[in-house]
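Quick note: the coordinates plus some simple rules give every number you see, no bench work behind them. Every value quoted in this text rests on a predicted model; they were computed, and no experiment measured them. Glycine gets a Cβ as well: all are built from the backbone with ideal geometry, and neighbour counts include every protein chain shown.
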Amino acid sequence: MARKISMKQAINEALDQEMARDPSVIMMGEDIVGGAGGEGERDAWGGVLGVTKGLYAKHGDRLMDTPLSESAYIGAAIGAACCGMRPVAELMFVDFMGVCFDQIFNQAAKFKYMFGGKAETPVVIRAMCGGGFRAAAQHSQMLTPLFTHIPGLKVVCPSTPYDTKGLLIQSIRDNDPVIFLEHKNLYGFEGEVPEALYAIPFGEANVVREGKGATIVTYGLMVHRALDAAAALAKEGVECEVVDLRTLSPIDMDTVLESVEKTGHLVCVDEANPRCSIACDVSAQVAQTAFGALKGPIQMVTAPHTPVPFAPVLEDLYIPSAAQIAAAVKRARTGGRH
Amino acid sequence: MNAQGGITPLVMPKWGLEMREGTIAGWLIDEGARLSVGTPVVDVETDKISNSVEAPDAGLLRRKVAKEGEVLPVKALLAVLAEPEVSDADIDAFIAAYEVPAAEGDEADEGAAFQWAEVNGIRVRYARRGPEAGVPVLFVHGFGGDLGNWLFNLDAVAESAPVIALDLPGHGQSDAKLPGTSLAALADFVAQFLDGIGVERVHWVGHSMGGAIGAQFARQYPQRVASLALVASAGLGPEIDGGYIDGFVRAASRRELKPVVEMLFADPSLVSRQLLDDLLRYKRIDGVTELLGALGGALFGGGRQAALPATQLLAADLPLLVVWGADDRVIPAAHAKAAPAGAAVAVLPGAGHMVMMEKAGEVNALLRKHLAR
């Protein structure tokens, strides 16, 4: 039975149901229990934004509050994964992964390769990502390209509560390290989600709107901006196809290419900084393999190459808007001219 | 439809619970043409499916109100039927005064539209509509389907009789569990479901596997069946496309599923993104793939139907209707010939396995006639 819940509830439900189903699933992170034994609401707060609220009461010591040392507990989670557990480590903000890159990039991502394919590392590292939360430059980044760059990591960034639950369950069941990034400005976004458990396979993009006028490829919060742009363009008679990549590694280029072959125009939208971004990657792959299908230049809409500003007006300008995406579609369709 | 001053409005239909609006894809009839009941008048597209809106009454098409390409809400005025003696001024006044009735409480309405019953530890979703009095018409979908397959039929039949449609166990939004993999186990389950909701006797309308379960049910519980309608039904002959069954069970992505689902329709363009998405959402639920594999293997393994209960029915005991789409690629329409003597048989051209969707108007008319017998 499906009902409407928020993305935050979808994360909580996926964790709860997988912990109930599989005793090897454990959680660790800063404040994920959140001070057990407090008064009323304060008891077991469940993380900065309350995503893990209620899980400690159900699953007890399989949730562990860790010290403020990301490098230590991310390493511990990866080690536990090597020893047969399925840990889900929560890292609050993706920005903090900087202090544990060795554990992630050089250890977890390499084990299967360096140990002859025999070592499994079924760890999930969850973190909030993205801007618009007035949280300044060290808590607002969209670092999907960094992780996508590393072979051996799987990278997920969902846009709806339905995808969030199914992809998080798949992440927990997957035998490779998964970086699961949750856009904090989508936590309150609601959608239909089945009560039952289900897994969405990795590497399968979702065509969220069909059209023949241009292809917009994106993921995460930008899916919603792209849909707004597509709705505005439809009023002007341009029907856009919007492709939600859902997982960035593996990436479903087949769906992207199929769409570009139909529309002849490509706009890549990415909330990340522009250099070496997901938008660059998709643009390059399409140019390399489907150049003949293109009827105009590929356009990219990304954040600028600067840190995320703290001033609200500037931050709003920084994140790609529906208007910018619509303008890029028009540029793509008119040979790059404005 | 209520005629006011000799004017009958043709309005945007509501195909299924989620439909809020539709796009006018194209007019099929010109102004000034005379329509009979069920004449297809205008094609409408929704994100789920495209279909024709049919004339609710006989009459003269006086005015097309909706324009091609326009997106209009459910119950919006599409056209006006009226006899020549009604003046143009009266028609203008009718159109000017027409207001789209407010949607019926939307979400609250949706919640009430589906009900849930627990049968042998399995939670079952079902819908109940239409009048209170009379023997209910029970709609039972086929392998891998759900009650949404009767999108175009439930409301039409509910105008004159109470209707019930359920998601079989392991299907749709019912729990992903099976009471067994034989037709007998499924027929027993439906009997228990009917007991649970206090229904003794039904007119059974079954599609594909749902028809075979109905035939089995009629053999096990003859006193509980008032009539049986078999739509592109299993249980009448040994052949079934094994490639369809295996392909449906195995398909894990939209790309794999699309060609399989296209086999169900004479016009494959009816397979929309939304239709595939809804099927994938169902197929991704834990346990569904395994359950469909077990059920498909038991009933249709190796491209052969394991049991043919419908060939053993006697039309003398039970009013029988057999409907097929001539272009059915899953179960051959030739099986209609195996219908027991005395059954009403209709093979509709231009339709595939999902004949009740592709030729909804004709199937509804056949069902009404059959139920009135």
Just name one of B:V65, A:T302, A:L233: the one whose Cα is farthest towards the positive end of the charge dipole of the protein assembly as shown (beta-carbon charges, Lys/Arg +1, Asp/Glu -1).
A:T302
Output ordering of B:322-335, B:122-135, A:153-166 (per-residue mean of other Cβ within 10 Å, highest first) is A:153-166, B:322-335, B:122-135
Per-residue mean of C-beta atoms belonging to partner chains within 10 Å, peptide A:195-202
5
Helical mean residue ellipticity (222 nm; -39500 (n - 2.57) per DSSP H run of 4+; nearest 500) of chain A
-9500 deg cm²/dmol
Show the residues, 5+ positions off or on another chain, whose built amide H is closer than 5 Å to the amide H of B:V42.
B:L28, B:V53
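What area, in nm² and to one decimal, does the C-alpha convex hull of the protein assembly as shown cast on average over all directions?
If I average the Cα hull's projected area over directions, I get 35.2 nm².
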Long-range amide H partners of B:V322, meaning residues 5 or more apart or on another chain whose placed amide H is closer than 5 Å, are B:L230, B:A344, B:V345, B:A346
Kirkwood hydrodynamic radius (C-alpha pairs) into Stokes-Einstein, chain B, 25 °C and 0.890 mPa s, D in µm²/s:
115 µm²/s
The answer for A:E182, listing residues at least 5 apart or on another chain whose modeled amide H is closer than 5 Å to its amide H, is A:A127, A:M128, A:C129
HN-Hα couplings for region B:203-208 via Karplus (6.51, -1.76, 1.60; θ = phi - 60°), in whole Hz with x for Gly/Pro, come out as 8, 9, 10, x, 9, 6
How shielded is A:102-110 by partner chains, expressed as the average number of their Cβ atoms within 10 Å of its Cβ atoms?
0
Per residue Cα convex hull volume for region B:7-97, in cubic angstrom?
85 Å³
Please compute, for peptide B:273-282, the average count of beta-carbon atoms on other protein chains lying within 10 Å of each residue's beta-carbon.
3
Please report B:V74, B:V190 as a ranked list, fewest other C-beta atoms within 10 angstrom at the top and most at the bottom.
B:V74, B:V190
Rounded to the nearest 5, what % of DSSP beta bridges with both residues in chain A are antiparallel?
25 percent
Using alpha-carbon pairs under 8 Å, 6+ residues apart, how would you state the relative contact order of region A:119-252 in percent?
29 percent
Taking the dipole of the protein assembly as shown about the Cα centre (Lys, Arg +1; Asp, Glu -1; charges at Cβ), the one of A:I5, B:N149, A:P151 that reaches farthest to the positive side is A:P151
Restricting to bridges with both residues inside chain B, how much of the DSSP beta-bridge set is antiparallel, in percent to the nearest 5?
60 percent
To the nearest 20 debye, what charge dipole does chain B have about its Cα centre, counting +1 at the Cβ of each Lys and Arg and -1 at the Cβ of each Asp and Glu?
1200 debye
Short version: what are the Cα gyration tensor semi-axes of region A:2-194, square root of 5 times each eigenvalue, largest first, in whole Å?
24, 19, 17
Out of all DSSP beta bridges in the protein assembly as shown, what portion is antiparallel? Express it as a percent rounded to 5.
45 percent
Charge dipole of region A:118-270 built from unit charges on the beta carbon (Lys, Arg +1; Asp, Glu -1), centred at mean Cα; most positive-end Cα among A:C129, A:A119, A:G264 is A:C129
Sort B:W15, B:W116 so that the residue with the fewest other Cβ atoms within 10 Å of its own Cβ comes first and the one with the most comes last.
B:W116, B:W15
Sort out for me the Cα centre separation of region B:279-349 from region A:63-140, rounded to whole Å.
52 Å
Build a GNM of chain A with springs between Cα atoms under 10 Å: which of A:S259, A:S321, A:S69 gets the top mean-square fluctuation?
A:S69
At q = 0.13, 0.17, 0.19, 0.21 Å⁻¹, what log₁₀ I(q)/I(0) does a Debye calculation on the Cα points of region A:189-338 give, no solvent, two decimals?
-0.57, -0.94, -1.15, -1.35
Compare A:G296, A:G237, A:G152 in a GNM of chain A, Cα atoms joined below 10 Å, and give the one with the largest fluctuation.
A:G237
Scattering from the C-alpha atoms of region B:222-336 alone, worked out with Debye: what is log10 I(q)/I(0) at q = 0.13 1/Å?
-0.60
Equivalent ellipsoid dimensions for chain A as semi-axes, Å, which come from the Cα gyration tensor, largest first
35, 21, 19
One can check that the equivalent ellipsoid of region B:268-344, built from the alpha-carbon gyration tensor with semi-axes equal to the square roots of five times its eigenvalues, has lengths in Å, largest first, of 30, 18, 12
Ranked by Cβ crowding within 10 angstrom, fewest neighbours first, how are B:E262, B:E159 ordered?
B:E159, B:E262
Can you compute 3J(HN,Hα) from phi for each residue in region B:257-262, using the Karplus curve 6.51 cos²θ - 1.76 cosθ + 1.60 with θ = phi - 60°, rounded to whole Hz and x for Gly and Pro?
7, 4, x, 5, 5, 4
Describe numerically, in nm with one decimal, the distance between label points set 7 Å from Cα along Cα→Cβ at B:A372 and at A:M114.
8.0 nm
